[in-house]
Amino acid sequence: MSNSEVPLIGGVGAVRFDASGAIVDAYPILSETQINCAGGPTPWHTWLSCEEHASNLVHETDPWGEVGAVTRPALGVFKHEAVAVDFDRWHLYLSEDESDGAFYRFRPAAMNEAGFPDLTAGTLEVAADGAVTWHPVPDPTDEAGTSTRHQVGASTRFDGGEGIRYHDARVYLSTKGDTRVWASKRLLQVTGHDRSEGPAFDPSGTRLYFSSQRGSEGRGVTFEVTGPFHEPA
């Protein structure tokens, strides 16, 4: 999947490869959206594309381009960045790319016929109180004009929420404003690198990767951190 962060003409494209790595097809799977950012895959083989704009949404798309994209307003109206699915509890976690952004959890109201979360309805919550406790967002679609991140006074602030990854019952979140990677506890901080993004794990879950968009010398840099990652803080 390839997201387009262009205003007004964003969207998502898919590139298909064969077993040798040769490109065999390319096609759009979402159009007429704007500033489509990180997003994330689901265990039921769709791609959730997040619009990075204060009044934008999450769209569920088909990587094969056979089923039309579906908008998921229950996942909130805010400046989305990324989404990760907790496939043990079937919760969704969403980051917000604002300097005073929040960190959200979506709990579906029901499961669909295939046994996966029904994203049409549920409860959107925000991490609050410093430690991770969850408070319901009263107005997820921002109908009353108060942004979701300002609806719960106790919500924890994250400076530029970026990529999210769910692994081994934990959620990892990177924040570019203060160059940190979080897991309910803070993992590390990189100095001298503005606008860091990520993270992603290798299949074994023992190596963590994240990138710095500009690096310390104006060039992009990708970091590898070796685990284990689940020792007490």
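Taking every alpha-carbon pair under 8 Å whose residues sit at least 6 apart, segment 1-117 reaches a relative contact order of 17 percent. The gain in end-to-end length when the Arg89 to Gln34 segment is fully stretched comes to 16.7 nm, 0.36 nm per residue minus the alpha carbon separation.
Any chance you could look up the accessible area of Ile9 with a 1.4 Å probe, heavy atoms only, rounded to 10 Å²? Only protein atoms counted, so the area is about 130 Å². Just the protein heavy atoms count here, and of the accessible area of segment 44-138 at 1.4 Å, carbon and sulfur take up 53 percent. Taking Ile23, Ile35 and ordering them by how much accessible surface each has at a 1.4 Å probe, largest first, produces Ile23, Ile35. Net charge dipole, segment 87-153: roughly 240 debye, given to the nearest 20, about the Cα centre with Cβ charges of +1 for Lys and Arg and -1 for Asp and Glu.
Hey, what did the chain get for relative contact order, percent, Cα under 8 Å, at least 6 apart?
Result for the chain is 11 percent.
The length gained on full extension between Ala144 and Ser184, counted as 0.36 nm times the residue separation minus their Cα-Cα distance, comes to 11.3 nm. Entry note, segment 96-196: relative contact order of 23 percent, from Cα contacts under 8 Å with a spacing of 6+ residues.
For Ser2, Ser174, give me the order by solvent-accessible area with a 1.4 Å probe, most accessible first, ignoring ligands, DNA and RNA.
I get Ser2, Ser174, largest accessible area first.
Note on Arg72: accessible area approximately 40 square angstrom, rounded to 10, probe 1.4 Å, nucleic acids and ligands left out.
Calculated accessible area for segment 13-167 comes out at 44 Å² per residue, all protein chains present (probe 1.4 Å; ligands, DNA, RNA ignored).
Using a probe of 1.4 Å, the accessible surface attributed to Asp88 totals some 100 Å² when neighbouring protein chains are kept in position. A simple spin-label model places the labels of Ala19 and Gln213 3.9 nm from each other, with each point 7 Å out along Cα-to-Cβ. Ranking His167, His150 by solvent-accessible area of protein heavy atoms (1.4 Å probe, all protein chains present), from largest to smallest, gives His150, His167.
Of the peptides 153-164, 102-113, 60-71, the order by per-residue mean of other Cβ atoms within 10 Å, starting with the highest, comes out as 153-164, 102-113, 60-71.
The values are calculated or read from the model by the stated rules, or taken from the named source; none is laboratory data. Keep in mind that what you see is a predicted model, and the values were worked out from it rather than measured. Cβ: placed from backbone, ideal geometry, glycine included. Neighbour counts: every protein chain shown. Just so you know, the surface numbers come from the protein's heavy atoms only, side chains and all, with ligands and any DNA or RNA stripped out. Shrake-Rupley method; radii C 1.70, N 1.55, O 1.52, S 1.80 Å.
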